[in-house]
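J.: What follows is a single structure, and I will ask about it in a moment.
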């Protein structure tokens, strides 16, 4: 049973998550030869300030932050 966890900045819509889940499931069924109901996908949304890269907390103190696409 494949379990996929996607950790990213918050801000994606329910529709975006639905589409990603649909496409990932299709890929795992086709390539991984599993059943759709055996694919579990977890979206873990976090605030930018919950992440640090290169010692810099994202979105803090005017530092540039990566985020969801516009």
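The numbers here are math on the coordinates, done by the rules we state, and not lab data. Since the structure is predicted, the reported quantities are computational estimates derived from the model, not experimental observations.
J.: Is the shape of the range 3-48 best called rounded, prolate or oblate, per the rule: a/c under 1.5 gives rounded, else a/b larger than b/c gives prolate, else oblate, with a ≥ b ≥ c the square roots of the Cα gyration tensor eigenvalues? List each step's numbers first, then the result.
T.: Details: a/c = 3.13, a/b = 2.12, b/c = 1.48.
Note, shape of the range 3-48 comes out prolate.
J.: What full-extension length gain, to one decimal in nm, is calculated for residue 30 and residue 53 as 0.36 nm per residue of separation minus the Cα-Cα distance?
T.: Values: separation 23, 0.36 × 23 = 8.28 nm, distance 3.47 nm.
Working it through step by step, the gained length comes to 4.8 nm.
J.: Pairs of Cα atoms under 8 Å, at least six residues apart: use those to get the relative contact order of the range 3-48, whole percent. Walk me through the numbers before you get to the answer.
T.: Details: 42 pairs, mean separation 31.6, N = 46.
So the answer I get is 69 percent.
J.: Length gain on complete extension for the stretch residue 10 to residue 44, per 0.36 nm per residue less the alpha carbon to alpha carbon distance?
T.: On the way: separation 34, 0.36 × 34 = 12.24 nm, distance 0.82 nm.
This chain segment gains 11.4 nm when fully extended.
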